[in-house]
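K.L.:
Got a structure for you, questions after.
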C-alpha cells in the first residue's frame, strides 16, 4: 500500500475526501481553487528555483510505502518550504509538513524543520517535529489504512469547508 502526503492532508480535513481520492475518484482537475493554488506555487517565489529544489522523497514503514513531494527543500539548512493558498485548514498543512519531516528522518536526515508559507496572507509558520508527532503520524497511517480499505465511502461531514471543496457536487447532489 502507498500513502502519500496528500492522503495525510485529506485525512485531517475530511475522511470522505481521503477515501475518494485513495480509491481513484479525483475531482481536483475541476477545481478553480486547486488551479489557483498551483498558480500561486509557481509564481510566489520565482527566485527559489535557483537556490532550492522540489524533492520527491519516499520511505518504507512497516508494509507501507510513504511518498511525498516537497515544494522546496533547502538542503544546506535542512528546511522544508511548503506554500499554501489559505490557512483555513492549517492543521492539515502542519500535519503534511510533519509527514515530510518524518520522511526525511526515515531517510537519515535528522534535525530538519519546516516553514509553512501563506503568500497571500503574508504569513509564515515554523513547523518542528517531535516524538509525539511521529507517534501521531504512525496512528494516522493505521487509521488511513483502515479507512481506505473499507468498501464503503464515509458519510459527508457537513462542514463549512465543504462549500469550497472540489468534491462538493459529488457529495451533495442527490437524485430525485
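K.L.:
Restricting attention to helices (runs of 4 or more DSSP H) lying wholly within region 1-51, give those where 2 or more residues are in contact with a helix residue (DSSP H, G or I) (Cβ under 8 Å, 6 or more places away or on another chain) and either surrounded by 12 or more Cβ atoms within 10 Å (Cβ to Cβ) or at pLDDT 60 or above (or both).
P.N.:
5-13, 15-22, 32-43
K.L.:
Filter region 52-63 down to residues that are surrounded by fewer than 16 Cβ atoms within 10 Å (Cβ to Cβ) and assigned to a strand (DSSP E or B) and give me whichever is modelled with the lowest pLDDT.
P.N.:
Per the stated criteria, the residue is 53.
Residues are listed down the side, and each one gets a yes or a no for (1) farther than 24 Å from residue 20 by Cβ; (2) in contact (Cβ under 8 Å) with a residue 24 or more places away in the chain:
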{"position": "80", "(1), (2)": "yes, yes"}
{"position": "133", "(1), (2)": "yes, yes"}
{"position": "141", "(1), (2)": "no, yes"}
{"position": "148", "(1), (2)": "no, yes"}
{"position": "160", "(1), (2)": "no, no"}
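K.L.:
Something else: Residue 172 - would you say it is surrounded by 14 or more Cβ atoms within 10 Å (Cβ to Cβ), more than 15 Å from residue 22 (Cα to Cα) and at pLDDT below 95?
P.N.:
no
The values are calculated or read from the model by the stated rules, or taken from the named source; none is laboratory data. Worth saying up front: this structure is predicted, and the values here are computed from it rather than measured. Glycine also receives a Cβ, built like all others from the backbone with ideal geometry; neighbour counts cover every protein chain displayed.
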